[in-house]
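Comments concern the structure below.
The values are calculated or read from the model by the stated rules, or taken from the named source; none is laboratory data. Please read these numbers as outputs of a predicted model, since none were measured by experiment. Ideal geometry is used to build each Cβ from the backbone, glycine not excepted, and the neighbour counts take in all protein chains shown. SASA here: full protein model, heavy atoms, side chains in, ligands and nucleic acids out. Shrake-Rupley method; radii C 1.70, N 1.55, O 1.52, S 1.80 Å.
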Amino acid sequence: MHGVKRVKPTPQALEARKQKERSKIQEFLALSEDILQRKKDNDFSEDAFKQTTRLLHVNPEFYTVWNYRRTILVKGLSVNRTEEEINKLLADELVMTMAALKSHPKVYWIWNHRRWCLERVPNGPGAEGEDTANGWKKSAWDQELYVVEKLLDADARNFLAWNYRRYVLAGMPVPRPDTLELAYTSKKIQANFSNFSAWHQRSKEFDLVRNAMYTDPDDQSVWVYHRWLVGTRASRGLLEREIEAIDELLGEQPDSKWCMESIVHYSVMLLKDHAAEVDVEQLTEKTRRLLGELEVQDPFRRQRYRELGEILAVLLS
Amino acid sequence: MSTSELLIPLHVSYIQKLGENKDDLTYHLTSHLRLNAVYWGLTALAIMGRQDALDRNEMIEFVMSCWDEEAGGFGAHPGHDAHLLATLSGIQILVMQDAMERLDVDRVAKFILSLQQPSGVFAGDAYGEIDTRFLYCAVNALSLLGRLGDLDVKKTVGYIKSCRNFDGGFGASIGAESHAAQVFVCVAALAILGRLDEVDVDTLGWWLAERQLPNGGLNGRPEKLEDVCYSFWVLSALSILKKVPWIDAEKLTAFILSAQDPEGGGIADRPGDMVDVFHTIFGVAGLSILGYPGLVDLDPVYCMPAEVIEAKGLRKDWQALPRREK
């Protein structure tokens with residue numbers, strides 16, 4: 001249970017709740033039993049399908065019932081149906097899972113069922129070559145991006161929604177231009193700089209990161225992303241340029257752990273890869289001083305800073 | 001009662017009573033997790049040195065009643081479909097209860113192997129949802145069954161590799177954001193497969209160490225709230241990388257202890273919240289890795305008692321903090 005406050009009910013309140021739940025439990029157990037029995041009997045009827053709708057409304061985590069629902073769709077409801085009827089059937093499923101996701105945006109099984117349905121939407125009514133040839137499919141997949149955006153508006157860090165977004169973008173019958181996705185993630189990042197999920201979705205760009213660093217130097221999403229932009233084999237010029245920019249920020253924010261930590265990291269890179277071209281003594285002295293400062297500013301991770309100091313010593317010996 | 005110490009007798013009685021909540025609606029709404037919950041409860045008891053607190057025979061019979069004869073794997077509850085999540089729990093319980101003779105090893109190994117996809121990842125069941133969690137379940141289970149030899153290791157490692165992100169972490173699928181729980185499953189799977197060379201230890205160790213927040217608790221991603229369950233996801237990965245000292249053990253220990261329910265027992269996600277068996281095991285597991293006095297060693301790769309894994313000759317090269325004296 002996540003984020004549910006602990007309350008200690010009085011014995012009377014507990015008894016009252018149990019009374020209230022008793023009928024709900026009986027109803028739920030009867031419904032579960034009915035469905036599992038129908039499943040055993042290979043019942044693929046409309047009735048059985050309706051029962052699964054009722055149960056999944058109460059408990060969308062019951063994966064066996066989602067499985068059974070798909071079996072009914074394949075072996076029952078779509079047998080001897082036209083493409084148009086199947087399209088309608090799947091469209092109803094998408095509506096049903098959308099409602100479920102609104103109240104349960106982090107239930108894997110619902111996202112899974114949605115994928116399964118989406119992949120089975122028929123192409124469309126037109127003949128090959130006509131505009132409408134994949135009309136149903138195209139509009140269903142286009143619609144998905146809109147649905148995901150709604151869910152990301154509600155929680156911009158929902159990684160199930162981001163995973164689904166990537167899945168839709170990769171599978172769309174008519175691919176969406178990359179620039180549109182870049183614009184979308186920019187919008188998400190500007191709405192909130194600590195949206196690491198959106199940072200993750202995009203490719204290289206130093207300016208935006210620099211801007212974010214200055215806006216909120218305590219936000220680690222930005223620093224992790226910056227380190228990736230710099231990479232593991234950066235040129236001396238790039239490293240010195242970035243150190244200088246961060247030095248400037250440190251001047252304004254003298255306690256910033258992230259500024260110090262990043263300068264240490266990039267300085268160690270300079271000492272490792274470009275020792276012949278830099279003032280080793282001065283750089284070492286500065287790095288040691290910052291590591292000492294970090295042990296004080298960020299004591300939880302002092303052991304890591306000590307180990308970085310040891311690496312420095314080995315580097316110089 | 002104060003929460004400055006681990007309230008072992010209270011947690012034992014909390015776990016013992018879990019099966020008696022049949023007049024509670026939540027109990028029935030969580031039947032899809034029942035076999036996992038039994039594994040969580042049993043492992044928590046074993047780490048607290050009280051594996052005897054639940055009846056062994058009754059437990060084994062329950063596990064076997066979850067067997068899905070059609071698929072050849074375990075479901076979460078009698079009558080539920082087989083799934084890798086439940087199958088791993090079933091196997092782990094049988095191993096811990098020393099009852100592997102009850103299992104049709106050929107059949108279950110075949111079920112697990114049938115779920116590997118051309119990309120190397122595993123689906124959770126025949127319906128095709130993929131996730132690195134399922135890949136870990138498969139690798140862990142095959143290893144416990146002694147059937148790793150039947151696995152296409154190259155393909156499996158290849159998929160994990162393609163899930164590695166710029167921050168050194170791993171996500172649920174290719175391109176997915178790093179998340180501490182997915183980091184655990186990927187790193188532990190690589191440990192079992194002997195391929196930790198695929199991990200960028202410095203970058204990932206840094207990212208994991210930054211999961212600790214000022215209140216001592218750990219979060220699962222940057223700029224998110226702390227939660228006791230990350231005590232295990234983050235610490236297990238750190239111990240496999242031998243970097244547990246990179247976080248403040250004392251502060252994390254105090255945070256986990258503060259999330260105990262000092263009246264009814266059990267551990268919650270955060271202080272003052274409702275407890276559950278999921279956070280209870282991962283809180284206790286975290287404390288074991290942190291060297292908390294009086295606890296049994298936990299193997300962070302398999303999330304089972306270290307002794308059980310050593311007896312099977314499966315111990316990998318991980319490092320927890322030394323067990324402290326009281």
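Quick one: if the Förster radius is 51 Å, what FRET efficiency do A:Phe206 and B:Glu70 give, using the C-beta to C-beta distance and rounding to 0.05? Result of the calculation: an efficiency of 0.35.
Roughly how many percent of the accessible protein surface of region A:195-317 is carbon and sulfur, given a 1.4 Å probe and a whole-percent answer? Could you put the intermediate results ahead of the total?
Numbers: 2730 of 5780 Å².
Its accessible area is 47 percent carbon and sulfur atoms.
Computed with a 1.4 angstrom probe on protein heavy atoms, the B-A interface buries about 5500 square angstrom of accessible area in total. Over the C-alpha atoms of region B:1-139, the Rg to Rh ratio, Rh being the Kirkwood estimate, stands at 1.01.
Select from region A:223-317 those trypsin sites (Lys or Arg not before Pro) which occupy a DSSP coil region and have at most 13 other Cβ atoms within 10 Å, ordered by residue number.
Values: sites: A:Arg227, A:Arg233, A:Arg236, A:Arg241, A:Lys257, A:Lys272, A:Lys286, A:Arg288, A:Arg289, A:Arg301, A:Arg302, A:Arg304, A:Arg306; in loops: A:Arg233.
Those that pass, being in a loop and sparsely packed, are A:Arg233.
When a/c reaches 1.5 or more, the comparison of a/b and b/c decides; with that in mind, is chain B rounded, prolate or oblate per its Cα gyration tensor? Because a/c hits 1.5 or more and a/b fails to exceed b/c, chain B counts as oblate. Spin-label pair A:Arg289-A:Ala16: with each label point 7 Å from Cα along the Cα-Cβ axis, the two points sit 6.7 nm from one another.
For region A:28-43, the Karplus equation 6.51 cos²θ - 1.76 cosθ + 1.60, evaluated at θ = phi - 60°, returns couplings of 5, 5, 5, 5, 4, 4, 4, 5, 5, 5, 4, 4, 4, 7, 6, 8 Hz by residue, with Gly and Pro reported as x.
With 25 Å as the limit on Cα-Cα distance, the pairs of A:Lys88/A:Lys188; A:Lys257/A:Lys286; A:Lys257/B:Lys251; A:Lys39/A:Lys102; A:Lys257/B:Lys316; A:Lys272/B:Lys243 that go past it are A:Lys88/A:Lys188; A:Lys39/A:Lys102; A:Lys257/B:Lys316. Estimated from helices alone, the mean residue ellipticity of chain B at 222 nm is -13500 deg cm²/dmol (sum of -39500 (n - 2.57) over DSSP H runs with n ≥ 4, per residue). Equivalent ellipsoid of region A:136-192: semi-axes from √(5λ) of the C-alpha gyration tensor, largest first, are 20, 13, 9 Å.
Among the protein heavy atoms, those of B:Phe255 account for about 10 Å² of accessible surface (1.4 Å probe, every chain in place). Accessible area per residue for the protein assembly as shown is 43 Å², calculated with a 1.4 Å probe on protein heavy atoms, without ligands, DNA or RNA.
Share of chain B's accessible area from carbon and sulfur, percent, 1.4 Å? After summing per-atom areas, the C and S share lands at 51 percent.
Of the GluC sites (Glu not before Pro) in region B:40-119, the ones in a loop by DSSP (not H, G, I, E or B) with at most 12 other beta carbons within 10 Å are B:Glu69, B:Glu70. Residues of region A:33-79 buried by at least 50 Å² of accessible area upon assembly of all protein chains, compared with the chain on its own (1.4 Å probe): A:Tyr63, A:Asn67.
For A:Thr179, the solvent-accessible surface with a 1.4 Å probe is about 100 Å², rounded to the nearest 10.
Given +1 on the Cβ of Lys and Arg, -1 on the Cβ of Asp and Glu, and no further charges, what dipole in debye does chain A carry about its Cα centre, rounded to the nearest 20? Each step should come with its number before you reach the end.
Working: 48 positive and 49 negative charges, 332 e Å.
For this selection, approximately 1600 debye.
Could you pull out which residues in region A:3-30 have an amide N less than 12 Å from a spot 7 Å beyond the Cα of A:Arg54, following the Cα-Cβ vector? So the set is A:27-30.
With n ≥ 4 as the cut-off for DSSP H runs, can you work out [θ] at 222 nm for chain A, using -39500 (n - 2.57) per run divided by the number of residues, rounded to the nearest 500?
Working: 15 runs with 226 residues, N = 317.
After summing the helix terms and dividing by residue count, I get -23500 deg cm²/dmol.
Over the protein assembly as shown, the pair-distance histogram of Cα-Cα distances with 10 Å bins from zero comes to 3, 14, 24, 26, 19, 10, 4, 1, 0 percent, rounded to whole numbers.
With a simple spin-label model that places each label point 7 Å from the Cα along the Cα-to-Cβ direction, the separation between A:Asp273 and A:Val296 comes to 3.2 nm. Using only side-chain charges placed at the Cβ, +1 for Lys and Arg and -1 for Asp and Glu, the dipole size of region A:221-309 relative to its Cα centre rounds to 460 debye.
Cα convex hull of chain A: how many Å³ per residue?
In chain A, the Cα convex hull volume per residue is 211 Å³.
Taking R0 as 41 Å, what's the FRET efficiency between B:Glu5 and A:Lys75 from their Cβ-Cβ distance, rounded to 0.05? Efficiency computed from Cβ-Cβ geometry: 0.10. Placing +1 on the Cβ of every Lys and Arg and -1 on the Cβ of every Asp and Glu, with nothing else charged, gives chain B a dipole about its Cα centre of roughly 780 debye. For region B:59-76, backbone phi angles converted through the Karplus equation (6.51, -1.76, 1.60; θ = phi - 60°) give residue-by-residue couplings of 5, 4, 5, 5, 4, 5, 6, 8, 5, 9, 5, 5, 8, x, x, 9, x, 7 Hz, Gly and Pro being listed as x. Evaluate E = 1/(1 + (r/R0)^6) for B:Arg107 and B:Leu213, where r is the Cβ-Cβ distance and R0 equals 35 Å; express this FRET efficiency to the nearest 0.05. The value I calculate is 0.15. Would you be so kind as to list the residues of region B:23-60 that have their accessible area lowered by at least 10 Å² in the full protein complex compared with their chain by itself (1.4 Å probe)? When all protein chains are present, B:Asp23, B:Asp24, B:Leu25, B:Thr26, B:His28, B:Leu29, B:Ser31, B:His32 each give up 10 Å² or more of accessible surface.
Would you work out what percent of the accessible area of region A:1-100, with all protein chains in place, is carbon or sulfur (probe 1.4 Å)?
Values: 3290 of 6010 Å².
Looking at region A:1-100 in its full context, I get 55 percent from C and S.
Would you mind estimating how fast region A:221-287 diffuses translationally, via Stokes-Einstein at 25 °C and 0.890 mPa s with the Kirkwood radius over Cα pairs, in µm²/s? It diffuses with D of about 203 µm²/s by this estimate. If the cut-off is 14 Å between C-alpha atoms, which aspartates and glutamates fall inside it for A:Lys187, apart from same-chain ones fewer than 8 positions away? Answer for A:Lys187, where 14 Å is the Cα cut-off: A:Glu149, A:Asp153, listed by chain and number. Between B:Glu58 and B:Glu250, the simple label model (points 7 Å from Cα in the Cβ direction) yields a spacing of 4.3 nm.
Taking a temperature of 25 °C and a viscosity of 0.890 mPa s, what whole-number D in µm²/s does Stokes-Einstein yield for region A:28-120 with Rh from Kirkwood over alpha carbon pairs? The partial results should precede the final answer.
Details: Rh = 13.4 Å.
Result for D is 183 µm²/s.
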